[in-house]
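Following: one structure in structure tokens, then a few remarks.
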Amino acid sequence: MLDHVSARTDTVAVFLRKRRHGSPWLRFLLRRTMRMLVAMFVIIAVAFFVLRLSGGDPVRAALGATVDESVVQARRAQLGLDDPLIVQFWNYLTGIFHGDLGASLITGRSVSELVQNRLPATLELAGISFVIVLLIAVPLGLGVAILTQGNRRRGAELSFTGITGLIAAIPEYLLGVALVVVFAVTLHWFPVAGRSGPASYVLPVLAMTVASWASLSRIARVEALNTLSDDYVRTARSKRIPASWVYFRHALPNMLTATLTIGGTLLSTMVASSVLVEKVFNWPGLGSAFVDAIATKDYGIVQGLALVYAAIILVITLAVDIVLSILDRRTTLLETT
Amino acid sequence: MRSLLVFLRNPLGAISVAMVAVLVFLAVFAPGIWGAQAMQTDTSALLQGPSDAHPLGTDGLGRDLLLRTLVAARLSLGMALVATLIGLVFGLLLGALPSVLGPRVQRLFSSVISTWLAFPVLLVAMLTVILLGPSSTSAVIALGLTMVPSFARLAQTLSSRVGGSEYLAAARMMGVSRSRQFTRYVLPNIAEPIIVNVTLSIGGGLLALSSLSFLGVGVQPPDYDWGRMLSEAFDQVYTNPTAVVGPGVAVVFAGVAFGTLGESLAAHLRSQGRGGVLSRRRLGPAPRVEDRDRTPHEDALLAVDGLSVSFPSASGWVRPVQDVTFSVAPGEIVGVVGESGSGKSVALMAVAQLSAAGAAVTAQQLRFDGDDVLDLPPAVMKKRLGTKIGVVFQDSLTALNPALRVGTQLAEIPRFHAKDGRRAAQEKAVAALRDVAIDEPERRSRQFPHEYSGGMRQRALIAMSQIGKPRLIIADEPTTALDVTVQQRVLALLRRECEETGAAAIVVSHDIAVLAELCQRILVMYAGRIVEDLDVRLLATPEKLAHPYTRALAESLPDLDTDRSHPLATIPGEPPDLSRPLVGCGFAPRCAFASEQCRTVTPEPVVHGHGGRVACWHPQDGTPIDGILGEPVVIVGAQTAQEVR
């Protein structure tokens, strides 16, 4: 009898161990996805309850004190704000699964529609900017590291750190304002605002990229310096293969994993700063809608867009984790063992 | 205090301190001096450009923009400071919590922190401000909250680092009180990184708060900070574009000030105890051996004459390798022995042209297979060397690229040097792995280094050194990281490869026993110089060894006759510090036979009676070795020797 039991626990143990060893990568993926879903749920709950519980009548606040009470009541009923809180939350949750992100408290228009109209412009701005930043910053960081390794060319190194430090301290919105003042208002080279034709992209993309470019290239330089002093780079040099091969095939992938970890955070930050840059350039994306909604106290839109932003950032974080785990299997191994 | 002076001597540190001082001065005194003036409206001068009366122009109510910019320093800076304090206090509390709670909570906690950290500061701050209602107070609270996770993460890392440290464990064991443990051991070790982080956070917080005010959710009129001023100026950008200059410059100035201060503080802390490096100009040219007649090396595959390797340091050039002369005949296996820091690896990496960036390699002569390696331009040299030198590195885990498959790393050599196609090169890689007795070489060639065992990685490295059919193999401590049984197999493999291909080899080790088994000739290095060059057979008759250091090494080598009841002989004392120029024989302070000549004149290696070379003023061969080794006081540091006398 006892033997029987212990045999069974053994089988269970073996099974568990097998599953543990099965695919660490899949387990890693599963865990990260779960983490993201939990985070999303928490954010939805916080966004819902805190806004409901923060006191006062949001519809009255949005429509203003002069509007007739019957209009406020009608809008409340339309938005389902008179149901019990838990019913509201359930409706809200199921609504989100059906793509319903709520509605404007002022106009009653659906937030999902707004997102459909405006999301492409935001993704375009953030995406183009991110690609440009990566394309400039990583090779620049690697290049400066190659030139300055072993304490050579101290002058070049100092001016690189100094200039990028200065540029990185300029916030996106401020650079946007400066660009508008110089190139749009004074020189008339580019349109002041809006999204119409290639020329209108130049200033917003510049405003988005310059600071990130400076900070990422500094990080990339440090990472590249660490990588270049790694033993395997010396091993690669011992084969007397072309230097470009050593840098691009041996150093770059190892440097990318570290740089991308920070790059992911950078992409999230760029999504956030796109809010400000969109306001400066009146760019027809989510950000300007968000700022407008804040200004008009339209919490229906604010809540819906906040969820969209949170989702974008969680997806970016997950995507970066997956890319990293493919590039460098050791990260997943480290996490699961 | 001295540390502070050193910090201020660094130009970036001094400039950033001055910039922060200006900001603090403005924040403290500007509102008192110009506060009232900055609020004064002037309806006759609305939205004016720069003029003598108003250097930066005026705003929509005719108020002076320069004065407003200066006065706004208090609110801008003060808000950032308070927000950082909120983040710091709550972050530290939150970060210290999990060390009290169990590991499960700790894991949950760290995943909450990483998710929280994934959200951009600005977005979280914006949402919090919306929830709390736009005002400067809610902006400060919101920003403080966004700083909590990064401080918590920092506190967590620091407390686990300090908490697990040996000095704290030692303090606990000695019964140091808890409060004293904290003030004397924990605080000093976590204070510095936290100060750096606080400085950077004030800068970042200032920028973020200005963004919030710019969006209209931060400071509300009639109060004003730089962000609010920028927002107002931007609304009038067509009528008065210059109004953005004042607050814009102020924001960037503050951002640069705190950012640079934080970074130079961090750099200063990193460099403490390590020292920087002198600039090339101050260093001057690398020291080299005086010109003298070249030692002839007939028929040698490798001829090294007067090789020196120097590295720049804070106090000038450090020379870990000085005036090294030796040669290797085709097919010969030469061992290099010496303790760590004796320069053996550095010397051989210089021979293989693989010195670290920044190193200066000089030599009277460095000939390999008929080429003067140092006289050739690097590109030509690279081509000529090609695959003629194969290197086996010490630590197989770090020597292989973790991101590339082992097969790919081997195949690079045939691909680039034999101009093989991808497939042909891959086949050669598999064959090379099979040669070093790796099972299932096809499958293994597609694996990454971390999937190999230590012995397998070392064999893969040997395969890599072989694949180009080199004429010389340089093996840098090939067996140090391996356990003894694997060691034997790797050594046998190395010897077999040399015998089969007729390649010569230089094997570096600190273990003279390993070399005695493998080599025909042994070079003994001490303090960057070769002190003895001898036939390996001499080790069997230790009384014929000439240099006291070699004799001591041979003595520390146990054999079957060694009396196990006595501790093995060791060599007391430390090798000399090579950052100062060495006068006389490097071994003199530890040598029982040292004379005044030894301490003042460096002995050159000269041909000796035992058939090799020795660099010593008092060669000891002929003395029966038991005579020296019976008494442990014979080979001792100078200090102990005096005490004995």
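Summary of computed values
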| quantity | calculated |
| --- | --- |
| So B:Ala492, is it surrounded by 20 or more Cβ atoms within 10 Å (Cβ to Cβ) and more than 27 Å from the chain's Cα centre (by Cα) | no |
| So A:Leu206, is it at the interface with chain B (Cβ under 9 Å from one of its Cβ atoms) and assigned to a helix (DSSP H, G or I) | no |
| Residue check, B:Arg496 free of Cβ contacts under 8 Å to residues at least 12 places away in the same chain and closer than 16 Å to B:Gln466 by Cβ | yes |
| Top-ranked residue in the stretch B:106-152 [being closer than 23 Å to B:Ile190 by Cα and away from chain A (no Cβ under 14 Å); ranked as surrounded by the fewest Cβ atoms within 10 Å (Cβ to Cβ)] | B:Gln106 |
| Candidate set from the stretch B:409-427 (those that are buried (at least 21 other Cβ atoms within 10 Å of the Cβ) and more than 33 Å from the chain's Cα centre (by Cα)); member that is farthest from the other protein chains (Cβ to nearest Cβ) | B:Gln426 |
| Some residue of the stretch A:155-169 being within 12 Å of chain B (Cβ to nearest Cβ), outside any helix (DSSP H, G or I), within 25 Å of the chain's Cα centre (by Cα) and closer than 22 Å to A:Ser217 by Cβ | yes |
| Residues that are modelled with pLDDT of 85 or more, farther than 21 Å from A:Val46 by Cβ and either touching an Asp or Glu at 6+ places or on another chain (Cβ under 8 Å) or surrounded by 13 or more Cβ atoms within 10 Å (Cβ to Cβ) (or both), drawn from the stretch A:93-126 | A:Ser110, A:Leu114, A:Asn117, A:Arg118, A:Leu119, A:Pro120, A:Ala121, A:Thr122, A:Leu123, A:Glu124, A:Leu125, A:Ala126 |
| Close pairs (7 angstrom Cβ cut-off, 6 or more residues apart or separate chains): at positive phi in the stretch A:231-254, surrounded by fewer than 24 Cβ atoms within 10 Å (Cβ to Cβ) and of a type in the set (D, E, K, R) anywhere | A:Arg240/B:Lys382 |
| Selection count where residues are loosely packed, with under 11 Cβ neighbours inside 10 Å and assigned to a helix (DSSP H, G or I), scope the stretch A:70-86 | 2 |
| Selection from the stretch B:210-242 of residues that are crowded, with 24+ Cβ neighbours inside 10 Å, out of contact with any Ser or Thr (no Cβ under 8 Å at 6 or more places or on another chain), assigned to a helix (DSSP H, G or I) and more than 9 Å from chain A (Cβ to nearest Cβ) | B:Leu212 |
| Single residue of B:Leu97, B:Leu158 found to be surrounded by 13 or more Cβ atoms within 10 Å (Cβ to Cβ), modelled with pLDDT under 80, in contact with a Pro (Cβ under 7 Å, 6 or more places away or on another chain) and more than 13 Å from chain A (Cβ to nearest Cβ) | B:Leu158 |
| Selected residue (only one of A:Ala258, A:Ala214, A:Ala193, A:Ala199 is small (Gly, Ala, Ser) and at pLDDT 85 or above) | A:Ala214 |
| Number of the condition not met by A:Ala137 [criteria: (1) modelled with pLDDT under 85; (2) touching a Leu at 6+ places or on another chain (Cβ under 6 Å); (3) within 30 Å of A:Ile313 (Cβ to Cβ)] | (1) |
| Unique match (being of a type outside the set (Phe, Trp, Tyr) and in contact with a Ser or Thr (Cβ under 6 Å, 6 or more places away or on another chain)) among B:Gly390, B:Gly343 | B:Gly390 |
| Scope the stretch B:324-355; condition among the charged types (D, E, K, R) and buried (at least 23 other Cβ atoms within 10 Å of the Cβ); matching residues | B:Lys344 |
| Number of the condition not met by A:Arg240 [criteria: (1) in a helix (DSSP H, G or I); (2) more than 25 Å from B:Leu209 (Cα to Cα); (3) within 12 Å of chain B (Cβ to nearest Cβ)] | (1) |
| Which numbered condition A:Glu278 misses (of (1) more than 20 Å from B:Ala208 (Cβ to Cβ); (2) in a helix (DSSP H, G or I); (3) of a type in the set (D, E, K, R)) | (1) |
| Any hit, the stretch B:173-187, residues being closer than 25 Å to B:Val82 by Cβ and in contact with a helix residue (DSSP H, G or I) (Cβ under 7 Å, 6 or more places away or on another chain) | no |
| Selected residue (only one of A:Val280, A:Val291 is in contact with an Asp or Glu (Cβ under 8 Å, 6 or more places away or on another chain) and either at the interface with chain B (Cβ under 9 Å from one of its Cβ atoms) or at positive phi (or both)) | A:Val291 |
| Within the stretch B:382-408, tally of residues that are charged (D, E, K, R) and more than 12 Å from chain A (Cβ to nearest Cβ) | 0 |
| Flag if B:Ala513 is part of a strand (DSSP E or B) and not β-branched (Val, Ile, Thr) | no |
| Criterion: more than 14 Å from chain B (Cβ to nearest Cβ) and either charged (D, E, K, R) or within 30 Å of A:Asn282 (Cβ to Cβ) (or both) - qualifying residue of A:Val87, A:Val115 | A:Val115 |
| Among (1) touching a Gly at 6+ places or on another chain (Cβ under 7 Å); (2) within 14 Å of chain B (Cβ to nearest Cβ) - the single one A:Ala121 does not satisfy | (2) |
| Selection count, the stretch B:356-383, where residues are assigned to a helix (DSSP H, G or I) and surrounded by 15 or more Cβ atoms within 10 Å (Cβ to Cβ) | 2 |
| Single residue of the stretch A:185-202 satisfying the filter (more than 17 Å from A:Leu125 (Cβ to Cβ) and in a helix (DSSP H, G or I)) that is farthest from the chain's Cα centre (by Cα) | A:Thr186 |
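Conditions tested, residue by residue: (1) surrounded by fewer than 19 Cβ atoms within 10 Å (Cβ to Cβ); (2) without any contact (Cβ under 8 Å) to a residue 60 or more places away in the chain; (3) closer than 24 Å to B:Gly255 by Cα.
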{"position": "B:Ser16", "(1), (2), (3)": "no, no, yes"}
{"position": "B:Val24", "(1), (2), (3)": "yes, yes, yes"}
{"position": "B:Phe29", "(1), (2), (3)": "yes, yes, yes"}
{"position": "B:Gln37", "(1), (2), (3)": "yes, yes, no"}
{"position": "B:Asp42", "(1), (2), (3)": "yes, yes, no"}
{"position": "B:Ala45", "(1), (2), (3)": "yes, yes, no"}
{"position": "B:Pro50", "(1), (2), (3)": "yes, no, no"}
{"position": "B:Gly57", "(1), (2), (3)": "no, no, yes"}
{"position": "B:Arg63", "(1), (2), (3)": "no, yes, no"}
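Here is a yes/no grid of residues against (1) modelled with pLDDT of 90 or more; (2) not charged (D, E, K, R); (3) not in a helix (DSSP H, G or I):
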| site | (1), (2), (3) |
| --- | --- |
| B:Ser264 | no, yes, no |
| B:His268 | no, yes, no |
| B:Gly275 | no, yes, yes |
| B:Pro287 | no, yes, yes |
| B:Asp291 | no, no, yes |
| B:Thr295 | no, yes, yes |
| B:Glu298 | no, no, yes |
| B:Asp305 | no, no, yes |
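The values are calculated or read from the model by the stated rules, or taken from the named source; none is laboratory data. Note that the coordinates shown come from a computational prediction; the quantities given were computed from them, not determined experimentally. Virtual Cβ from ideal backbone geometry, glycine too; neighbours counted across all protein chains shown.
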